[in-house]
Amino acid sequence: MSLAPRIDVLRDLAGRLPAPLDQWARTCGRTAYRLNVFAWRALSGVLRGSVLGRWTARMRVSQLWAASPEERAKAEGMYWMGHPLVARRLRVKSSGRPDADGYIHLKERLTAEGWRFPVARVLSLGCGHGGLERGLASLGVAERIDGIDLSSGAIQEARRLAAEAGLGQIEYHVGDLERADFAEGAFDIVFAHQSVHHIEDLDGLCRAVRRALRPGGIFHLNEFVGPDRFQWTDAQLHHMNAFVEALPVRFRRMPLGGVRPRPARPTIAQMIAVDPSEAIRSSAILATVRRHFRVVEQRQLGGALLHIGLSGIVQNFDAQAPEDVALLEAFFALEDRLMAEGVIGSDFVTLTAVRD
Ligand SMILES: C[S@@+](CC[C@H](N)C(=O)[O-])C[C@H]1O[C@@H](n2cnc3c(N)ncnc32)[C@H](O)[C@@H]1O
């Protein structure tokens, strides 16, 4: 989901394009990227507000997210949350301890409140390639898990991976969360992992989730709630760039070669051209969920510096090398200090909300 800075967006995009276009963009490099972004920018400008405009935007989102996390990592580098030390930090922030992620934490919390697992049915919104549902199945969370995503390519792959793992309790559906309509009272828990920030009609989605949950059911989100369309604050950019630019150059190399340029605030047109759904109304998620549900837990995962600061380069930090570990930990400490001082916010959160 990261938008790598400037010219290197080319490589992000190349990793996300469907096969023939991908091949072409890799060969033509920067020119292909510029043409592609120019074409989408022109098309989205001309078609803005029309039915055709909405349809082409949906097509683009579906096409982008068909690429697997592994394919994207080849071009963009490891996703920042995938690094073992970042993952450990996020587990601690999600649950209070390094050996439990936010889902184990939720299951333990609900068990302490008298819930019995597996529950009958859960739903996963914007499930992508299905990593969350396979994880929930192995945790014994539900007898049946439904996953929904706009991208038919992602759903196809999620189905294949679930079948390969012998997980017959997972069912996948292609569907648009901008026009969500789920069975009434059918679900005990609705999960969203990094998908609600792709949705514009947040009230419509919350109404649909509320209707889909049985009374007392849970809406659980792990979300990007930072600036809309990645319009980073000056403080974010200043502190992340000061830290990253002081790193030895070997830490700033991109997977396809070259040193990563300084992350900057993208233009809205660039954002829309790369992914029309990216962080479309992310800053409104917390307030919207609170209007429709009773939030019983919000945990701040941070990310206001680390997300973009480590984007494309996190794989250069060896989790076994003391120097690399010390540098990452210094970056973690900087983010924690600035959050505590109120200089930056927490761009990522987990939310547990009850449908009363
Ligand atoms: C950042 S990915 C997260 C995927 C998965 N939940 C995960 O954490 O790996 C965002 C997902 O939201 C999906 N998405 C974007 N807009 C959507 C929409 N309007 N309806 C359904 N899914 C959508 C994308 O196709 C993509 O799979």
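Of all the residues in segment 200-209, those that are assigned to a helix (DSSP H, G or I) and in contact (Cβ under 8 Å) with a residue 60 or more places away in the chain number 6.
So that you can scan it fast, the table gives a plain yes or no per residue for (1) in contact with a helix residue (DSSP H, G or I) (Cβ under 7 Å, 6 or more places away or on another chain); (2) assigned to a helix (DSSP H, G or I); (3) among the aromatic types (Phe, Trp, Tyr):
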residue	(1), (2), (3)
Val289	yes, yes, no
Gln298	no, no, no
Gly312	yes, no, no
Leu328	yes, yes, no
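The residues in segment 238-256 that are among the small types (Gly, Ala, Ser) and surrounded by 15 or more Cβ atoms within 10 Å (Cβ to Cβ) can be counted, and the count is 0. Checking segment 293-302 against the condition returns a match, with at least one residue being crowded, with 20+ Cβ neighbours inside 10 Å, within 16 Å of the ligand (Cβ to nearest atom) and of a type outside the set (Lys, Arg).
Name the single residue that is nearest to the ligand (Cβ to nearest atom) among those in segment 203-237 being of a type in the set (A, V, I, L, M) and surrounded by fewer than 21 Cβ atoms within 10 Å (Cβ to Cβ). Taking the candidates together, the pick is Ala208. The numbered conditions (1) of a type in the set (A, V, I, L, M, F, W, C); (2) away from the ligand (no atom under 16 Å from the Cβ); (3) touching a residue at least 24 places away in the same chain (Cβ under 8 Å) are all true for Val92 except (3). Residues that are charged (D, E, K, R), without any contact (Cβ under 8 Å) to a residue 60 or more places away in the chain and within 16 Å of the ligand (Cβ to nearest atom) within segment 57-89 comprise Glu70, Glu71, listed in sequence order. Here Ala165 passes the criteria (1) surrounded by fewer than 18 Cβ atoms within 10 Å (Cβ to Cβ); (2) aliphatic (A, V, I, L, M); (3) within 14 Å of the ligand (Cβ to nearest atom) except the one numbered (3).
Residue count for segment 124-147, restricted to those that are under 15 Å from Phe187 (Cα atoms) and within 12 Å of the ligand (Cβ to nearest atom): 5. The conditions of being modelled with pLDDT under 95, under 24 Å from His197 (Cβ atoms) and in contact with a helix residue (DSSP H, G or I) (Cβ under 7 Å, 6 or more places away or on another chain) are met by Val274.
From the list Met240, Met254, the one residue that fits, being in contact with a Leu (Cβ under 6 Å, 6 or more places away or on another chain), more than 23 Å from Met59 (Cβ to Cβ) and more than 16 Å from the ligand (Cβ to nearest atom), is Met240.
Results for (1) over 16 Å from Leu132 (Cβ atoms); (2) in contact with a Leu (Cβ under 7 Å, 6 or more places away or on another chain); (3) of a type in the set (S, T, N, Q); (4) surrounded by 19 or more Cβ atoms within 10 Å (Cβ to Cβ), shown as yes or no for each residue.
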| residue | (1), (2), (3), (4) |
| --- | --- |
| Ala67 | yes, no, no, yes |
| Ala73 | yes, no, no, no |
| Met78 | yes, no, no, yes |
| Leu85 | yes, yes, no, no |
| Arg88 | yes, no, no, no |
| Asp99 | yes, no, no, no |
| Gly102 | no, no, no, yes |
| Arg109 | yes, no, no, no |
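Any chance segment 49-56 includes a residue that's within 12 Å of the ligand (Cβ to nearest atom), in a loop (DSSP other than H, G, I, E, B) and within 26 Å of Asp176 (Cβ to Cβ)? Looking for residues that are within 12 Å of the ligand (Cβ to nearest atom), in a loop (DSSP other than H, G, I, E, B) and within 26 Å of Asp176 (Cβ to Cβ), one finds none in segment 49-56, hence no. Evaluation of Lys93 against the conditions (1) within 30 Å of Ala326 (Cβ to Cβ); (2) loosely packed, with under 13 Cβ neighbours inside 10 Å shows that the sole unmet condition is (2).
Contact map, segment 262-274: residues that are within 12 Å of Gln231 (Cα to Cα) paired with residues that are acidic (Asp, Glu), Cβ distance under 8 Å, separation 6+ or inter-chain. Pairs shown: Met271/Glu278. Looking only at residues in segment 183-200 that are surrounded by fewer than 21 Cβ atoms within 10 Å (Cβ to Cβ) and more than 9 Å from the ligand (Cβ to nearest atom), the one that is nearest to Ile145 (Cα to Cα) is Ala186.
The values are calculated or read from the model by the stated rules, or taken from the named source; none is laboratory data. Note that this is a predicted model, so its numbers are computed, not measured. All Cβ positions, glycine included, derive from the backbone under ideal geometry; neighbour counts span all protein chains shown.
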